[in-house]
């Protein structure tokens, strides 16, 4: 092999190995850092893991929002139409957070069946419902109905 | 009279101009190529005037849309959806590119601006090259015109029923930052189309030499500089407008702009090797294609909303299919061309393990690996959703986990790499100074932490060391290269613009790393409840909440809070968990710093609520206050942040962009393009190798 | 014959083709791409109660039964909706606008509770001339409904002429419905034919 050829080969091996190590690490890290989305029904059915960061979403139940008078602690319920769960959050809620609107929370599901949120996200604008929430609502409805026609 | 242009109403005139621009783009794509095939100089030369014509018509079309917005013509659906009579004038203009249709029109306007620039500043290029480059740009433009006209016409009328009042611009977008952010970002995105067109032209011609790399470099640098500023502006906008003080979220929209930036950065560096040494030629072509493909992907995926939900495609299948077809044709077509015509004869020039080539190769590998990670993290939720693995999101920890070490490694190699020679560099001349510089960098990092009185943090220490390392290497390199028998001043003047550009850009990277490290670690962020008269001490400042008053704005009602900030007399503490809330009405005897007036705006047309933070910006720290929500009584929840060195993040980015601009302005490109065009490849190569203190 | 170096150049293209086909396959599975088998066929036979609107009565008692003949005599939109469907709320304001323009809309309240449906119409306004109550989803099954909202264009003979899955907005109306609506003789309040320039 000519030296230039040999060098090219070494280079290719170097690049391929760096890239494959990288991809391996990426897949590994992805497994630890993805936040799965669960609906309130799934959570009450015990499908959601505890002590893992997950997301939950639904419509904020009307008249469920309460706030501690002395701190920034808040609690509210979200529903997918079939089940409600309580979410506790301490901090400032987004501008577009409101009852009877969609919200998604990121946090931990505890053994007391309460979701401790680290972050609460509301829809971005007036017309937008987070797709997960819209899906969850419609799925919850179809799940309660055995005769549901259709393809889902 | 703005609203009537001749016989046609403005909207129809704009639509018509757009159709004419499409026709010219078709001509621009076909005629010059035929010219190169039949060797007809007239046809080739027609590319320039056609490009000018295309620009004129798309500009006219754009002006029409602006006029429709200024004239509050709500019979046009796009205007009705994104404007309102009460919207201030400058926001009416920025509303033009607030949504899908208008931003696409801005895209083609910028594309034809770049095309025009290529047509004007390409006098030194061979005619057949100009013809091919402009033809490729014309092809890209055709895709956009068709997309606009067939699926996203901004001039569509709501007839016969149209609203008397518009829905108003999304309040998030009612901001000065958003007036300039999209155009500059698009200048960057679209600018890569020029590098792309050069690459495709080279493949078509089967000629890809040092001269090619030299023509491509300034265009790539310019696009990259715009993209850098665009990303920095986006980050800055998120920081002060979203109201929670974050400056980077790793969200899909940001990632979409960051990926072409990384690929573009790799391209800039591999172009240097292609020009100077004639190596990495296939790779450089591929990077040019990749940078532009990622720009296209970014534009489309962000605008079509597919990144937030797969269902966005379903909501409008016509657009979705068109986007896929267009991406497939542009990317697939250029990659097919690359496969068929790519340089197959490997250049046999070899280089030593310690040489500038090696360092630049390392740079490229690291940047592309970083890009691949981000691409994976961005597309993974989409793939998971499609494959039915559940709805997931990939959090910032994933991105940070890779990106932070990759950037630090990049920083470590970047500094000495830029001082090495081409071909081969004596290893000991690199290692000896390196030892001294490592020691110096660690001292500086430790000293900085001590002077700023921050608690020790290993990651911050490493980051500061890397930054100091970059700075010291840069200084040393400049000191050596500016040495001259006629005095240092003359020696410094003799160094090229592109060298100073590189130096500034690399220092910018160091500055950004410092900003990111310090602000991520030592920010003091508190969400707190305060009643009027209540006071809190954070990071050495007292914040006295004076209450909230109502002030009407042009199209909103504002509740404006007032917070007096003064320097605290209590000793500064870094215990982030402690807060010191006192309800004393009398402020302590402290030096006043500033008064902040954050707002909560209630927009009348759409009923939306917006948080406007107030920031006391400084070179070494920002004091950031935003109103949360009204609580019982007159109390409010407040976000109070003290963020050290946060401005350095954007300052560094601006320095990088400035570096890019300085490199573009280097006279060498203009002078040498003439020579390079005449000289053959090998001569150009020899010339490149012969220059020892080179810029890149 | 290709040499190794030449084959190498195809690698990026292959990677791209794999990625692109994955993406296309994923997007192509969207259920909205399903055409209705019922286009150009008559509305299925049904005999269902209708919702009691105007909304004075609070009693949850369905009104007299209606059947497929309600679609005879005029071009009508049949809109499948429910209170449990978030997208229906997004669609609702546009339906009100269409109703104002004189487009007759018949609602099909799909697998819903009457009380909730009444509350909804009271709160957000009523665009419907008539709301068919399909609590069991029988008519929905016959129509091939697989989610709300869905909207059907039905001509004066009672034949289904077009089906749209998902939210109808101004864009969908103008591009998918308006021409058909006009061609089957549908009328709007002030103009016929819709082709009016300012």
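The values are calculated or read from the model by the stated rules, or taken from the named source; none is laboratory data. Only a predicted model underlies this, so the values are computations on that prediction, with no experimental measurement involved. Note: ideal-geometry Cβ built from the backbone for every residue, glycine included; neighbour counts use all protein chains shown.
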**OP:** Would you check if residue B:335 is at pLDDT 75 or above, in a helix (DSSP H, G or I) and within 10 Å of chain C (Cβ to nearest Cβ)?
**Re:** yes
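With the requirement that a residue be surrounded by 19 or more Cβ atoms within 10 Å (Cβ to Cβ) and either away from chain A (no Cβ under 14 Å) or within 16 Å of residue C:67 (Cα to Cα) (or both), what does the range C:118-132 give you?
First pass over the range C:118-132, keeping only residues surrounded by 19 or more Cβ atoms within 10 Å (Cβ to Cβ): C:118, C:120-121, C:126-128, C:131-132.
Across the range C:118-132, the qualifying residues are C:118, C:121, C:126, C:127, C:128, C:131, C:132.
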Original post:
Looking at the range C:100-111, which of the residues that are outside any loop (DSSP other than H, G, I, E, B) and more than 12 Å from chain B (Cβ to nearest Cβ) is farthest from residue C:143 (Cα to Cα)?
Top reply: C:105
**OP:** Kindly indicate which of B:383, B:404 is touching a helix residue (DSSP H, G or I) at 6+ places or on another chain (Cβ under 8 Å), more than 12 Å from chain C (Cβ to nearest Cβ), part of a helix (DSSP H, G or I) and surrounded by fewer than 18 Cβ atoms within 10 Å (Cβ to Cβ).
**Re:** B:404
Original post:
Counting only residues that are free of Cβ contacts under 8 Å to residues at least 40 places away in the same chain and either under 14 Å from the mean Cα position of the chain (by Cα) or at the interface with another protein chain (Cβ under 9 Å from one of its Cβ atoms) (or both), how many does the range A:22-37 have?
Top reply: 11
**OP:** Tell me, please, whether a residue that is touching a residue at least 12 places away in the same chain (Cβ under 8 Å) and part of a loop (DSSP other than H, G, I, E, B) can be found in the range B:49-66.
**Re:** no
Original post:
Could we say that residue B:519 is modelled with pLDDT of 90 or more, in contact with a strand residue (DSSP E or B) (Cβ under 7 Å, 6 or more places away or on another chain) and assigned to a helix (DSSP H, G or I) here?
Top reply: yes
**OP:** Could you list, in sequence order, all residues of the range C:133-159 that are more than 14 Å from every other protein chain (Cβ to nearest Cβ), surrounded by fewer than 23 Cβ atoms within 10 Å (Cβ to Cβ) and closer than 13 Å to residue C:46 by Cβ?
**Re:** C:158
**OP:** Inspect all residues belonging to the range C:63-85 and state whether any of them is modelled with pLDDT of 85 or more, more than 13 Å from residue C:127 (Cα to Cα), more than 12 Å from every other protein chain (Cβ to nearest Cβ) and touching a helix residue (DSSP H, G or I) at 6+ places or on another chain (Cβ under 9 Å).
**Re:** yes
**OP:** Tell me the strands (runs of 3 or more DSSP E) entirely within the range B:595-640 that contain at least 3 residues that are more than 12 Å from chain A (Cβ to nearest Cβ), out of contact with any helix residue (DSSP H, G or I) (no Cβ under 6 Å at 6 or more places or on another chain) and surrounded by 21 or more Cβ atoms within 10 Å (Cβ to Cβ).
**Re:** B:621-630
Subject >> Yes/no for residue B:458 being farther than 23 Å from residue B:656 by Cβ, at pLDDT 90 or above and surrounded by fewer than 19 Cβ atoms within 10 Å (Cβ to Cβ) >> reply: yes
Original post:
Does residue B:80 qualify as being over 18 Å from residue B:19 (Cα atoms) and touching a helix residue (DSSP H, G or I) at 6+ places or on another chain (Cβ under 6 Å)?
Top reply: no
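Of all the residues that make up the range B:408-444, how many are part of a helix (DSSP H, G or I), touching a residue at least 12 places away in the same chain (Cβ under 8 Å) and either more than 24 Å from the chain's Cα centre (by Cα) or more than 14 Å from chain A (Cβ to nearest Cβ) (or both)? Show your work before the answer.
Within the range B:408-444, the subset part of a helix (DSSP H, G or I) is B:408-417, B:427-444.
Now restrict to residues that are touching a residue at least 12 places away in the same chain (Cβ under 8 Å): B:408-417, B:427, B:430, B:433-434, B:437-438, B:440-442, B:444.
Imposing the further condition that a residue be either more than 24 Å from the chain's Cα centre (by Cα) or more than 14 Å from chain A (Cβ to nearest Cβ) (or both) reduces the set to B:408, B:411-412, B:414-417, B:427, B:430, B:433-434, B:437-438, B:440-442, B:444.
Residues meeting the conditions: 17.
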Original post:
Any idea how many residues of the range B:449-500 are under 18 Å from residue B:620 (Cβ atoms) and not in a loop (DSSP other than H, G, I, E, B)?
Top reply: 9
Subject >> Filter pass, residue B:207 being within 29 Å of residue B:132 (Cβ to Cβ) and without any contact (Cβ under 8 Å) to a residue 40 or more places away in the chain >> reply: yes
